[in-house]
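What follows is one structure encoded as structure tokens, with my remarks underneath.
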Amino acid sequence: MAYPGKITKFAMGHLSKAPATRAFPLGELIITPHFRGKLVLKADDCIGCGLCERDCPAYAIKVENRGTKENKDFHVTLNLAHCIFCCQCMDSCRKGCLSYTPNVQLAGFNKDDLIVDLTEEWKAAQAVSAEEAPAEEAAVDEAKPEE
Amino acid sequence: MSKKVIVPIGPQHPALKEPACFSLTLEGEKVLSAVVGVGYNHRGLEKSCESRSYIQSLYIIERVCGICSHSHSTCFLQCAEELAGVEITRRAAYIRVLMGELERLHSHLLWLGVAAHLIGFDTLFCYAWRDRELVLDLLADLGGNRVNYGINTPGGVRRDVTPEQIQDILSTMDILDKQLAYYVELALGDTVLAARLANVGKLSKEECIHFGAVGPTARAAEVNYDIRKVGPTAAYAEIPFNVITDTHADVFGRTVVRVLEMVESVKMVRYAVANMPDGDILVKFPRKVPAGEVVSRYEAPRGEDVHYVKANGSEHPERVRVRAPSEANWHGMAHMIEGDYLADAPLIIAAIDPCYSCTDRAFVLNNNNTGEQQVFDWKQLRQYSIDFYKKEHGFDASKIKIAEKKHF
């Protein structure tokens, strides 16, 4: 197989090829859409059954009722430092409240920042989308030509 | 007459990026005797399974090994499904085989890169790891993670394979076919590679059987033993393939076996994709598993993987035992290193594709005189280490504060 100058073909071929690696923090992070990243909760549907907590192998997810017995207020807390991103909680949830996102850049400088309240996160996201929705409607109205 | 020198290799990253300590007695450049010391990376995986349900244990077992995660989880589930009397669907069995063979491809490519790096052939290292990324991308898309795919679940698999993913798999296999042709040419015909690897780390057929070596290490010495053929599980009985063996019984033979196994794996992936039956991917699995005990085997990329599960009728397994393939290959390691040069030791260690953390288990100290058994608890172990460092190194380790484990 060996003959002089065989490397030349390979070397010349590599001149026209794109790099096999990516300069990650500077370049684009390409994550497949099916990648199991950080969990998000649809708190509206959560009934606080605790099946996610029961099946979590890393004891990373916790469901607690911060309200009263009559007026329930369930909060789902996720410890990102413990979470192994297996998404078994997602499979165990009968209401389909939990889903994964391709968000994998979750490192922080403080350990306490890694404990996230998924219910509060969902409420904040709802508030933001509620604020944006009227603005979008107004923009659509403005764009309509007056007859 | 030359002086004997004892050279410790490790415990920090002796050949691969994991802890183990090898004490080699040298005469000149030759190794006279070798003592293999493992046990630096015990994680208590088996014990932690006992306090978790079968579903929770599955994810612990999946993390036994960072490379053959699918093999361990499949082997564990074979035990659990046998105990529960659950039979998975054919489509689920094919998906398990598909993932298993993709895992074999990425494991062997990883090994090829590591071995190439250790012998100073860094071009091959770059090539092999570049191609491995293609397989890892496929696994990430199919399973949801590059390493711990999480595709298995009791009673089948969690995710189905879509037609788009099948197209991706086939186009990647086309690329790998071309690359593998180059690796085969290299492994079988390159004189420099053969000169470097031949007669290094010899372990003959009889010695392989004596030490209980498994996987490519044994198959490189003409031991025709592959669980996929001997005791096929999942859909392996339906998929045609050849068991690769070699006669060299050294690191060169192990390279040839692994490279040719990759070619077989590509064929198996193509067959599994083309003949994948339709149907469900999941059947119901009971939460409580009936009492009983089962031993199951699976051909992991590194060799025969054995799992034992004892159930007591509750939600938790009573006992889980994992015999990782590296554990079987360790026994012949000292014999392989002895008689070779010191410079070959890292290569010989790497040639069995060892996984240290898969292997490490708890120790029970037996007192031969009194017959008493002793297991250290956390406080005793801490005191032992403090005494050890004081005596051996004159260093007072008692002042080091160890953080308490904190949940939430």
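The values are calculated or read from the model by the stated rules, or taken from the named source; none is laboratory data. Treat the numbers as computed from the prediction; the structure is a model and nothing was measured. Because the Cβ atoms are built from the backbone with ideal geometry, glycine has one as well, and the counts that use them run over all protein chains shown. Ligands, DNA and RNA are excluded from the accessible area calculation, which covers all protein heavy atoms including side chains. Shrake-Rupley method; radii C 1.70, N 1.55, O 1.52, S 1.80 Å.
Dipole magnitude of the protein assembly as shown about its Cα centre, charges +1 at Lys/Arg Cβ and -1 at Asp/Glu Cβ only, in debye to the nearest 20?
Computed about the Cα centre, the dipole is about 1640 debye.
Anyone know which of B:177, B:168, B:278 comes out most mobile in the 10 Å Cα GNM of chain B?
Judging by the Gaussian network model, the answer is B:278.
Residue A:76: net charge of surrounding residues, Cβ under 10 Å, Lys/Arg +1, Asp/Glu -1, itself excluded?
-4
Helix A:6-15 versus the longest principal axis of chain A: what angle, 0 to 90°, nearest 10, using Cα atoms?
40 degrees
Can you send over the carbon and sulfur percentage of the accessible area for chain B, probe radius 1.4 Å, protein chains only?
Ligands and nucleic acids excluded, carbon and sulfur give 54 percent.
Return the aspartates and glutamates within reach of residue A:72: Cα separation strictly under 19 angstrom, same-chain partners fewer than 8 residues apart disregarded; answer none if there are no such residues.
A:44, A:45, A:53, A:64, A:117, A:120, A:121
Scan chain A and report its longest stretch carrying no trypsin sites (Lys or Arg not before Pro) that are both in a DSSP loop and have at most 14 other Cβ atoms within 10 Å.
Excluding the exposed sites themselves, the longest stretch runs over A:96-147.
Report the convex hull volume per residue for the protein assembly as shown, counting only C-alpha atoms, in Å³.
Residue-normalised Cα hull volume stands at 245 Å³.
Please turn the phi angles of the range B:194-205 into ³J(HN,Hα) values with the Karplus equation 6.51 cos²θ - 1.76 cosθ + 1.60 (θ = phi - 60°), one per residue in order, whole Hz, x for glycine and proline.
Karplus values, whole Hz, x for Gly and Pro: 5, 5, 6, 9, 5, 6, 9, x, 5, 8, 5, 4.
What is the set of long-range amide H partners of residue B:9 at a cut-off below 5 Å, with H atoms built 1.01 Å from backbone N?
The answer is B:22, B:23, B:24.
Out of the trypsin sites (Lys or Arg not before Pro) in the range B:317-354, which ones are loop residues according to DSSP with at most 16 other C-beta atoms within 10 Å?
none
Can you give me the distance in nm between label points at residue B:188 and residue A:95, each placed 7 Å from the Cα along the Cα-to-Cβ direction?
Taking the simple label geometry, residue B:188 and residue A:95 are separated by 6.1 nm.
Rounded to the nearest 100 Å², what is the sum over both chains of accessible area buried where B meets A, with a probe of 1.4 Å?
2400 Å²
Using the Karplus curve 6.51 cos²θ - 1.76 cosθ + 1.60 with θ = phi - 60°, what ³J(HN,Hα) values do you get for each residue of the range B:276-288, in whole Hz, with x for Gly and Pro?
5, x, 7, x, 6, 10, 9, 10, 5, 10, x, 6, 9
Between the range B:37-69 and the range A:1-67, what is the separation of their alpha carbon centroids in Å?
Here the two parts' Cα centres lie 22 Å apart.
Let me make sure I get this right: for the range B:365-408, a, b and c are the square roots of the gyration tensor eigenvalues over alpha carbons, sorted descending. Under 1.5 in a/c it's rounded, otherwise prolate if a/b > b/c, else oblate. Which is it?
The shape class here is oblate.
Kyte-Doolittle mean at least 1.6 and Cα extent at least 24 Å along the axis: which DSSP H helices of chain B qualify?
Qualifying helices, which must be both long enough and hydrophobic enough, do not occur.
Rank B:145, B:242, B:366 by mean-square fluctuation in a GNM of chain B with C-alpha springs under 10 angstrom and give only the top-ranked residue.
B:366
Report the GluC sites (Glu not before Pro) located in the range A:1-79 that are in a DSSP loop and have at most 14 other Cβ atoms inside 10 Å of their Cβ, or state none.
Of the GluC sites (Glu not before Pro), the ones in loops of the range A:1-79 whose Cβ has at most 14 other Cβ atoms within 10 Å are A:28, A:70.
Calculate the length of the line joining the C-alpha centroid of the range B:195-234 to that of the range B:286-329, in whole Å.
Using only Cα atoms to place each centre, the spacing works out to 23 Å.
Given the convex hull over the Cα atoms of chain B, what projected area results after averaging over all orientations, in nm²?
Mean projected area for chain B: 23.7 nm², to one decimal.
Take the cross-link list A:62/B:284; B:229/B:267; A:38/B:17; B:30/B:202 and give me the ones stretching past 18 Å between alpha-carbons.
Beyond 18 Å between Cα atoms: A:62/B:284; A:38/B:17.
Given just the C-alpha atoms of the range A:32-140, how large is their convex hull per residue in cubic angstrom?
144 Å³
Could you please state, rounded to a whole Å, how far the C-alpha centre of the range A:70-99 is from the C-alpha centre of the range B:124-154?
Answer, in whole Å: 26.
Once label points are set 7 Å from the Cα along Cα→Cβ at both residue B:174 and residue B:377, what is their separation, rounded to one decimal in nm?
6.4 nm
Can you list residues whose amide H is under 5 Å from residue B:318's amide H, if they're 5+ apart or on another chain and H is modeled 1.01 Å from N?
Here B:310, B:311, B:312 satisfy the definition.
At a Förster radius of 41 Å, what calculated FRET efficiency corresponds to the Cβ-Cβ distance of residue B:164 and residue A:8, to the nearest 0.05?
0.60
Loop only per DSSP, at most 16 neighbouring Cβ atoms within 10 Å: give me the GluC sites (Glu not before Pro) in the range B:21-90, ordered by residue number.
Filter output for the range B:21-90: B:29, B:87.
How far apart, in nm, are the 7 Å Cα→Cβ label points at residue B:204 and residue B:243?
In this crude label model, residue B:204 to residue B:243 measures out at 2.2 nm.
Does the range B:134-233 come out rounded, prolate or oblate by the C-alpha gyration tensor, with a ≥ b ≥ c the root eigenvalues, rounded set by a/c under 1.5 and, if not, prolate when a/b is larger than b/c and oblate if not?
oblate
Before I look further, what does the protein assembly as shown give for accessible area per residue, probe 1.4 Å, in whole square angstrom?
Spelled out: the 1.4 Å probe surface of the protein assembly as shown, per residue, equals 51 Å².
Determine ³J(HN,Hα), in whole Hz, for all residues of the range A:81-87 in sequence, where each value follows from phi through the Karplus function 6.51 cos²θ - 1.76 cosθ + 1.60 and θ = phi - 60°; x replaces Gly and Pro.
These are the phi-based 3J(HN,Hα) values: 6, 8, 4, 9, 6, 7, 6 Hz.
Identify all lysines with a Cα-Cα distance to residue B:391 below 23 Å; exclude those on the same chain that are fewer than 8 residues away in sequence.
Once the sequence-local lysines are set aside, what remains near residue B:391 is B:379, B:399, B:401.
Within the range B:150-179, name every residue whose backbone N is under 20 Å away from a label modeled 7 Å from Cα of residue B:274 along the Cβ vector.
Answer for the range B:150-179: B:161-179.
Output the residues of the range B:148-182 meeting this criterion: accessible area (heavy atoms, 1.4 Å probe) in the chain alone minus accessible area with all protein chains in place is 50 Å² or greater.
In the range B:148-182, residues shielded by partner chains: B:158, B:159.
Straight distance only, please: which aspartates and glutamates reach the Cα of residue A:6 with their own Cα at less than 14 Å, same-chain residues fewer than 8 apart left out?
Result set, ordered by chain and number: B:185, B:190.
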